[in-house]
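*Asks:* Sharing a structure, written as structure tokens. Questions coming.
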Amino acid sequence: MRITAVTCVKNEGPFLLEWIAYNRLIGVGAHLFYSNDCTDGTDMLLDALAARGLVHHLPNPAEGRNYQMEALKHAQHHPSVRSADWVWVADVDEFLNIHVGDHSIAALVAACNNPAAISVTFQFFANDGVERFEDRPVIAQFSRSHTPDLWCGESAIEVKTLVHRDFPLQYFGAHRPFFRKSLPPHRQPRWCDGAGRPVPGKFLVAANPRRIRKFPAAGARRFATLNHYALRSLESYLVKNDRGDVNRDNRAFDDTYWRERNDPAFEDRTIQRHLPALEAALAELKADPEIGRLHAHCVAQHRAKIAQLLAQPPYQAMRDQLRAAPTLPPQEEALLQRLGLG
């Protein structure tokens, strides 16, 4: 089974090797990276990995600001995608956590009875008070999340999708593939959730804008979960905000994104079953002198950026605001207030 992962990156250098090594453990054989405007050595590390045949690395082809969609459009024609049995479109902070068989993508496909697409529900892992960036596996550092079937007061939660080569693809989306609206019902793909159940009809045909990339999460994680480490450490989150080119001097910082993803109500360590194999795979990658040196360079640049940001009053204020922010998502806080329980 040939599986290709496709992703876009900007200044993700310290986290690349973990994501690649983890994906290889669960069966991903090829990685297609699109990078843009990197200043931390991400592109240099990817070039070195590409020279060894471990990844494919291209500059993002976008001419405007729609980096991800332009890259996905280009990816449809890349040999690593065209030759794949399955394509996995995801970000470097997203880890496919498979609960069946040998915990591989092949085991997930078999459990779902070989559909044309599998949409796996997000579980957002909280920062949970981790302030300092550490150069060790993210999946070892963060183990608490929101209650899995409820996020920000919503029962429908976003997904990412594994796509089989037989899917009647019109184009890849960041969360799910799309087929032509004119496709007759008997030609529509067999598409399931992370429990092997058919996805809801409105999601399947993208009939409702509110359901284009999410559906009710209850029972959807029986075979797999998508662990999303969107926050990581507080220090790394500051760098993530800087990467987004946000002007802190001219407007107030909005902590909504952080609060929505920093709910530590539930503990889930299931993905840590992979830690021994992951740490061995990382050690093997870093044993290559150039790969080890370039990874260390990315880590040093990340730490230097943290120090640079924390020397600025706006980022000091952001750090303090995030430290003090309630862990209850704002939507749930508002609901409790409406019910007179807040």
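*Asks:* Apply the Karplus curve 6.51 cos²θ - 1.76 cosθ + 1.60, θ = phi - 60°, to the phi angles in the stretch 113-124 and return the couplings in whole Hz, x for Gly and Pro.
*Replies:* Computed from phi, the couplings for the stretch 113-124 are 6, 6, x, 8, 7, 10, 9, 9, 7, 5, 9, 8 Hz.
*Asks:* If N is the number of residues in the stretch 156-305, what value comes out of its Cα radius of gyration divided by 2.2 N^0.38 Å?
*Replies:* Ratio of Cα Rg to 2.2 N^0.38 Å: 1.37.
*Asks:* Moving on. Whole percent per 10 Å bin, from 0 to the bin with the longest distance: what is P(r) over all C-alpha pairs of the chain?
*Replies:* 5, 24, 34, 27, 9, 1, 0
*Asks:* Based only on Cα atoms, what Rg/Rh ratio does the stretch 1-60 have, Rh being taken as Kirkwood's radius?
*Replies:* Rounded to two decimals, Rg over Rh is 0.94.
*Asks:* I need Val159, Val299 ordered by Cβ neighbour count within 10 Å, fewest first.
*Replies:* Final ranking by Cβ density, sparse to dense: Val299, Val159.
*Asks:* Something else now. Tell me, what ³J(HN,Hα) does each residue in the stretch 221-233 have, in order and in whole Hz, if you take phi through Karplus 6.51 cos²θ - 1.76 cosθ + 1.60 with θ = phi - 60° and put x for Gly and Pro?
*Replies:* Computed from phi, the couplings for the stretch 221-233 are 10, 4, 9, 7, 10, 9, 6, 10, 9, 6, 9, 6, 6 Hz.
*Asks:* While we're here: List the extent of the Cα atoms of the stretch 34-117 along each of their three principal axes, largest first, rounded to whole Å.
*Replies:* Reported extents, whole Å, longest axis first: 41, 24, 23.
*Asks:* I need Ser182, Ser35, Ser233 ordered by Cβ neighbour count within 10 Å, fewest first.
*Replies:* The order, fewest Cβ neighbours first, is Ser182, Ser233, Ser35.
*Asks:* Here's a follow-up. For the stretch 33-45, take each phi angle, set θ = phi - 60°, evaluate the Karplus expression 6.51 cos²θ - 1.76 cosθ + 1.60, and give the result in whole Hz per residue in order, putting x for glycine and proline.
*Replies:* 9, 10, 10, 8, 6, 7, 10, 10, x, 3, 5, 5, 5
*Asks:* Checking the cross-link filter: which lysines have an alpha carbon closer than 25 Å to that of Lys286, excluding same-chain neighbours under 8 positions apart?
*Replies:* Here the lysines satisfying the reach criterion relative to Lys286 are Lys10, Lys240, Lys305.
*Asks:* Provide Asp47, Asp102 in ascending order of the number of other Cβ atoms located within 10 Å of each residue's Cβ, fewest first.
*Replies:* The fewest-first ordering by Cβ neighbours comes to Asp102, Asp47.
*Asks:* At a 10 angstrom cut-off on C-beta neighbours, averaged per residue, how do the peptides 20-33, 164-177, 304-317 rank from highest to lowest?
*Replies:* 20-33, 164-177, 304-317
*Asks:* For the stretch 117-174 and the stretch 286-312, write down the distance between their C-alpha centroids in whole Å.
*Replies:* What the calculation gives is 26 Å, centre to centre.
*Asks:* Just for the stretch 3-338, what percent of DSSP beta bridges are antiparallel, to the closest 5?
*Replies:* 55 percent
*Asks:* Rank-order 7-17, 211-221 by packing density, defined as the average count of other C-beta atoms within 10 Å over each peptide's residues, highest first.
*Replies:* Output ranking for 7-17, 211-221: 7-17, 211-221.
*Asks:* Check which residues have an amide H placed less than 5 Å from Val6's amide H, if you skip close sequence neighbours.
*Replies:* Long-range HN contacts for Val6: Leu32, Trp88, Val89, Ala90.
Computed from the coordinates by the stated procedures, all read-outs in this text should not be read as laboratory data. Computed from a predicted structure; not experimentally measured. Quick reminder, even Gly has a Cβ in these numbers, built from the backbone with ideal geometry, and neighbours come from all protein chains shown.
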